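Asks: Below are the structure tokens for one structure; questions will follow.
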Amino acid sequence: MCEACPTLLDKLLHKGLLVETGIDGLYGRSGLFEQVIDGFDRLISRTGADQKAEVLRFPPGMNRVLFEKSGYLKSFPQLAGTVHSFGGNDKDHAVLLDRLAEGQPWWDKQEMTDIVLTPAACYPLYPTAAKRGPLPEDGLIFDLNSYCFRHEPSKEPTRQQMFRMREYVRIGTPDQVVAFRKNWLERGQALIAKLGLPFNVDVANDPFFGRAGRVMASSQRDLGLKFELLVPVNSEENPTACLSFNYHQDHFGSTWNIRTAAGETAHTACVGFGMERVAIALFRHHGLDVDKWPAEVRDALSL
Amino acid sequence: MLDTLRPLIDKHARLPVKADTLAAGQDLYAAGLTSFAAVQLMLALEEAFDIEFPERMLNRRSFATMESIAACIQELRPQALAS
């Protein structure tokens, strides 16, 4: 590795596509970067148009009580971001300001609010879907897009702490859900091929926390519950997961008591698109100058 | 040996059936063991036998049957299941 060569992050920052904030993994985006994101978003919508998915958009924060019930803290406590706000009185406020001025820790009167940062676009969906009662015969399919938060500071521009995730989520019988995931495994590859990106698909696991997480990860792999579409971006050896295809079995169905039309516990699956990751993969492989991208890629993104 | 394991399985594996109805080599996942419950069972076994499962045992297969669990414990602490 060349010490003097600029990294991909350096190049993106220098070109102004990403904007530094002083925090690893937290960046502003330029208008051009957003045009690429929007183009990819439209391409996903065209690819999934026949799904007749119900579009829902949640803000990037979710109800803390629902988050607690979701089980996220069992698996990923290290990634969660909670929102706190000042809960003191006038005197506490004066203390806070003094400490700020002195550069001392000022947050002892910060209290946890009722909001946590959304960790994945589909987390607010399941309790919403559960409230509607038993599923129709055909199950349900949703189209989601949200900024998500994961506390994992990194110098790799593809691993951001706040990023957008587009998802299609299928809720239904095991057969419906497995068919959905199989279908999207194929569609996802066709979609990325259209963008002229090299890729491969591999079995994967989520970054479950701790030693217990090793068992979870091993189970997830053995059962083939997660596949990722990987594009070499930072390196060939550690390609970046740009899309993921996840079968949750009855995990969310039983957590939220979502029932099929026949009264069975619903199964769920989702396909997730890492919006910034795909955009950065495009800049990495086609160059930082969008005008010089291959015509078919520009067409696919309607740029 | 299995008599020592069965009460722990009843308490932590959250199976819909009692452990004494299960054969030593029977697949616990097929009997209803979830990944989350397998993790709870692992932590309970570590406490009960004062062991720590090493990296190579932290997988789905280690907890697949009472036999496989017993084999792990046997290897880590031969005297633990002697009674």
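The values are calculated or read from the model by the stated rules, or taken from the named source; none is laboratory data. In this text the structure is predicted, and so the values were computed from the model without any measurement. Note that each Cβ is placed from the backbone with ideal geometry, even for glycine, and that neighbours are counted across all protein chains shown.
Asks: Evaluate segment A:219-228: report whether one residue or more is among the small types (Gly, Ala, Ser), within 30 Å of A:Gly263 (Cα to Cα), without any contact (Cβ under 8 Å) to a residue 40 or more places away in the chain and within 14 Å of another protein chain (Cβ to nearest Cβ). Walk me through it before giving the result.
Replies: Going through segment A:219-228, the residues among the small types (Gly, Ala, Ser) turn out to be A:219, A:224.
Cutting the leftovers down to within 30 Å of A:Gly263 (Cα to Cα) gives us A:219, A:224.
Subsequent filtering for residues that are without any contact (Cβ under 8 Å) to a residue 40 or more places away in the chain retains A:219, A:224.
Filter once more, keeping what is within 14 Å of another protein chain (Cβ to nearest Cβ): A:219, A:224.
Yes: one or more hits.
Asks: Now, a different point. Could you please let me know if B:Glu46 is within 11 Å of chain A (Cβ to nearest Cβ), at pLDDT 90 or above, part of a loop (DSSP other than H, G, I, E, B) and surrounded by fewer than 18 Cβ atoms within 10 Å (Cβ to Cβ)?
Replies: On the way: within 11 Å of chain A (Cβ to nearest Cβ): yes; at pLDDT 90 or above: yes; part of a loop (DSSP other than H, G, I, E, B): no; surrounded by fewer than 18 Cβ atoms within 10 Å (Cβ to Cβ): yes.
When the stated conditions are applied, B:Glu46 does not pass them.
Asks: Among the residues of segment B:8-39, count how many are within 14 Å of another protein chain (Cβ to nearest Cβ) and surrounded by 16 or more Cβ atoms within 10 Å (Cβ to Cβ). Talk me through it step by step, then tell me what you get.
Replies: Within segment B:8-39, the subset within 14 Å of another protein chain (Cβ to nearest Cβ) is B:12-14, B:16, B:27-30, B:32-39.
Now restrict to residues that are surrounded by 16 or more Cβ atoms within 10 Å (Cβ to Cβ): B:12-13, B:28-29, B:33-39.
So the count comes out to 11.
Asks: Turning to a different aspect of this structure: Is it the case, given these coordinates, that A:Phe283 is touching a Ser or Thr at 6+ places or on another chain (Cβ under 9 Å), of a type in the set (Phe, Trp, Tyr), closer than 25 Å to A:Phe149 by Cβ and touching a residue at least 60 places away in the same chain (Cβ under 8 Å)? Let's see the steps before the verdict.
Replies: Details: touching a Ser or Thr at 6+ places or on another chain (Cβ under 9 Å): no; of a type in the set (Phe, Trp, Tyr): yes; closer than 25 Å to A:Phe149 by Cβ: yes; touching a residue at least 60 places away in the same chain (Cβ under 8 Å): yes.
No; evaluated as a whole, the condition is false for this residue.
Asks: Exactly one condition in (1) within 13 Å of A:Val215 (Cβ to Cβ); (2) surrounded by 14 or more Cβ atoms within 10 Å (Cβ to Cβ) is not met by B:Pro54; state its number.
Replies: Condition not satisfied by B:Pro54: (2).
Asks: Could I ask something else about it? Residue by residue through segment A:189-218, note down the ones that are in contact with a Lys or Arg (Cβ under 8 Å, 6 or more places away or on another chain), within 14 Å of chain B (Cβ to nearest Cβ) and among the small types (Gly, Ala, Ser).
Replies: Our first condition is that a residue be in contact with a Lys or Arg (Cβ under 8 Å, 6 or more places away or on another chain); within segment A:189-218, this holds for A:203-206, A:208, A:215, A:218.
Filter again for within 14 Å of chain B (Cβ to nearest Cβ), leaving A:203, A:205-206, A:208, A:215, A:218.
Of everything in segment A:189-218, just one residue is in contact with a Lys or Arg (Cβ under 8 Å, 6 or more places away or on another chain), within 14 Å of chain B (Cβ to nearest Cβ) and among the small types (Gly, Ala, Ser), namely A:Ser218.
Asks: Ok, one more. For segment A:267-289, which residues satisfy the criterion of being among the aliphatic types (A, V, I, L, M) and in contact with a Phe, Trp or Tyr (Cβ under 8 Å, 6 or more places away or on another chain)? First the steps, then the outcome.
Replies: The initial filter retains those residues of segment A:267-289 that are among the aliphatic types (A, V, I, L, M), namely A:269, A:271, A:275, A:278-282, A:288.
Scanning segment A:267-289 gives A:Ala269, A:Val271, A:Met275, A:Val278, A:Ala279, A:Leu282.
Asks: Here's another thing I want to ask about it. What single numbered condition from (1) crowded, with 16+ Cβ neighbours inside 10 Å; (2) free of Cβ contacts under 8 Å to residues at least 12 places away in the same chain; (3) among the hydrophobic types (A, V, I, L, M, F, W, C) fails to hold for A:Cys148?
Replies: With (1) crowded, with 16+ Cβ neighbours inside 10 Å; (2) free of Cβ contacts under 8 Å to residues at least 12 places away in the same chain; (3) among the hydrophobic types (A, V, I, L, M, F, W, C) applied to A:Cys148, the lone miss is (2).
Asks: Out of segment B:58-71, which residues are assigned to a helix (DSSP H, G or I) and more than 9 Å from every other protein chain (Cβ to nearest Cβ)?
Replies: B:Met66, B:Glu67, B:Ser68, B:Ile69, B:Ala70, B:Ala71
Asks: While we're looking at this one, here's another question. Kindly indicate which of A:Phe67, A:Phe33, A:Phe40, A:Phe58 is touching a helix residue (DSSP H, G or I) at 6+ places or on another chain (Cβ under 9 Å), away from chain B (no Cβ under 14 Å), closer than 30 Å to A:Ser254 by Cα and in a helix (DSSP H, G or I).
Replies: A:Phe67
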